[in-house]
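What follows is a short report on a single structure.
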């Protein structure tokens, strides 16, 4: 799992000036990071278009927690036109709770859910001349699968069997990331630009104050630390260590458009 560092004791986070110029140059090259955004979740078409102009990967809701045939087609066509990676964003089929409430799930349930939702998005993508680039689970499904090694294995194997060229966007060094390579699936480790972290590397529940971040300058500083130092503070103050390959900004975060613009412009 993510490596934790105490904020007390002998460990001390290196000061920026302690980083060599050569290390800074290497880090700067690595900062060409993918920016992904969850779309087709009921936001207005104008908001979808505005966000799509700035991101590099779209996680498109495909009929579970949100999404319709029409919204999938709109998002896919727009992504194809703008050169944005097309990704499937399956979630629990629970629209009342927007897929953010956990449900009991067996490996066979997960296999069927993925076939239905990712398969639907891939069909729409193929019709517009696009290819499925990645799969990223949504909300409670993301966390339920990550917390269960059996479900993580099923997720990796299902993607490998049906969409072998697709990547999985997942928690760095978690259950999914651990099992996907053996199944032959590429992993892009994901960091969340607009969400706070618990000390175990999971996201702070949305009903807790401070779970969703909106201060653009604070977000930029957090992201710089993720990319340059491989560290981010948890809500408790413990340091998490990971360097993301892709950064997520949620389309329903109030300042989402300002955040993605700042990430692209500043980083």
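The values are calculated or read from the model by the stated rules, or taken from the named source; none is laboratory data. Because the structure is predicted, anything quoted here is derived from the model rather than measured. No Cβ is skipped: glycine too gets one built from the backbone with ideal geometry, and neighbour counts run over all protein chains shown.
Points worth noting:
- The residue that is surrounded by the most Cβ atoms within 10 Å (Cβ to Cβ), counting only those in the stretch 163-191 that are over 25 Å from residue 204 (Cα atoms) and over 17 Å from the mean Cα position of the chain (by Cα), is 163.
- Qualifying residue in the stretch 140-162 (condition: crowded, with 19+ Cβ neighbours inside 10 Å and not in a helix (DSSP H, G or I)): no
- Taking the stretch 92-132 as the range and being closer than 21 Å to residue 251 by Cα, part of a helix (DSSP H, G or I) and within 19 Å of the chain's Cα centre (by Cα) as the test, the residues that pass are 117, 118, 121.
- Of 185, 176, all but one fail to be touching a residue at least 24 places away in the same chain (Cβ under 8 Å), in a helix (DSSP H, G or I) and touching a helix residue (DSSP H, G or I) at 6+ places or on another chain (Cβ under 7 Å); the exception is 176.
- Among (1) modelled with pLDDT under 95; (2) more than 23 Å from residue 192 (Cβ to Cβ) - the single one residue 68 does not satisfy: (1)
- Only one of the numbered conditions (1) more than 30 Å from residue 261 (Cβ to Cβ); (2) outside any loop (DSSP other than H, G, I, E, B) is not met by residue 75, and that is (1).
- Test: residue in the stretch 206-226 that is more than 24 Å from residue 54 (Cα to Cα), touching a strand residue (DSSP E or B) at 6+ places or on another chain (Cβ under 9 Å), in contact (Cβ under 8 Å) with a residue 60 or more places away in the chain and surrounded by fewer than 17 Cβ atoms within 10 Å (Cβ to Cβ): yes
- Candidate set: the stretch 256-267, residues that are surrounded by fewer than 19 Cβ atoms within 10 Å (Cβ to Cβ) and within 17 Å of the chain's Cα centre (by Cα); chosen: the one farthest from residue 39 (Cα to Cα): 264
- Residue list for the stretch 188-198, filter: outside any loop (DSSP other than H, G, I, E, B) and either within 21 Å of residue 256 (Cα to Cα) or free of Cβ contacts under 8 Å to residues at least 12 places away in the same chain (or both): 189, 190, 191, 192, 195, 197
- Among the candidates 104, 121, residue that is at pLDDT 95 or above and out of contact with any strand residue (DSSP E or B) (no Cβ under 9 Å at 6 or more places or on another chain): 104
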